[in-house]
Amino acid sequence: MKLNTLPKVAVTALLARMADEQTARYFYEAAAAYCRVNGYDKAEKHFLAEAKSENDHYARIVSFLSDWGVIIDFPAIKAPVTSFTDFLDLLSKAYQMEFDLLESYEEDALTVMQECMNTFGLIQEYINIQNESVIEYANMITKAEKYLPTDKNLVLFEAEVFE
Ligand SMILES: [Fe+2]
């Protein structure tokens with residue numbers, strides 16, 4: 001029998017966010033590499049874990065589409081930001097990326113809700129994930145601004161934030 005699938009508007013939105021989640025993954029790989037080069041070992045571990053969870057976010061969208069019978073036209077990804085002037089710059093770029101992705105999911109929610117409450121439910125979960133990430137990086141920036149002037153090697157910052 002012919003099975004039901006997702007409306008085009010839902011597929012289009014999810015394909016775009018799949019690409020963004022992969023860009024986020026590579027951003028965090030680059031962040032981890034920056035931390036490794038600079039000897040910020042705990043921060044490196046944190047960003048490697050972030051890269052893995054971004055890949056999980058990506059994979060979950062792939063599964064959702066596949067489970068609904070969508071033949072995925074895998075999207076090209078945008079080149080991630082991969083260079084950082086210092087640690088605070090890295091955190092600021094992480095914050096901005098997470099905030100932009102929050103806004104994208106919010107726009108998707110508005111577009112999709114008229115046609116597919118099922119996809120809307122998935123997007124709502126991703127909005128919650130983005131909300132937590134934005135808050136996490138906002139809090140890190142606040143702490144970094146407090147510690148960095150006297151803590152160039154990030155010893156206090158890493159102890160407070162990553163332990
Ligand atoms: Fe993500």
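Coordinate-derived values only; no laboratory data. Remember, predicted model here, so these are calculated numbers, not experimental data. Every residue, glycine among them, receives a Cβ derived from its backbone with ideal geometry; neighbour counts consider all protein chains shown.
Compute the angle between helix 41-67 and the longest alpha-carbon principal axis of the chain, please, reported from 0 to 90 degrees and rounded to the nearest 10. For 41-67 against the chain, the angle is about 0 degrees.
By the helix-only formula, in which each DSSP H run with n ≥ 4 contributes -39500 (n - 2.57) and the sum is divided by residues, the chain has a 222 nm mean residue ellipticity of -26500 deg cm²/dmol. Once the Cα atoms are used to define both axes, helix 87-112 deviates from the longest principal axis of the chain by about 20 degrees. Residues whose amide H comes within less than 5 Å of that of ASN38, counting only those at least five positions distant or on another chain, are absent (H built at 1.01 Å from N in the peptide plane).
For region 74-82, putting each phi into the Karplus relation 6.51 cos²θ - 1.76 cosθ + 1.60 with θ = phi - 60° gives couplings of 4, x, 5, 9, 6, 5, x, 5, 10 Hz, in residue order, rounded to whole numbers and with x for Gly and Pro.
Treating r as the C-beta distance of ARG36 and LEU15 and R0 as 25 Å, the FRET efficiency rounds to 0.20. Kindly express, to the nearest 10 degrees and within the range 0 to 90, the angle between helix 8-37's C-alpha long axis and the longest C-alpha principal axis of the chain. Rounded to the nearest ten degrees, it is 20.
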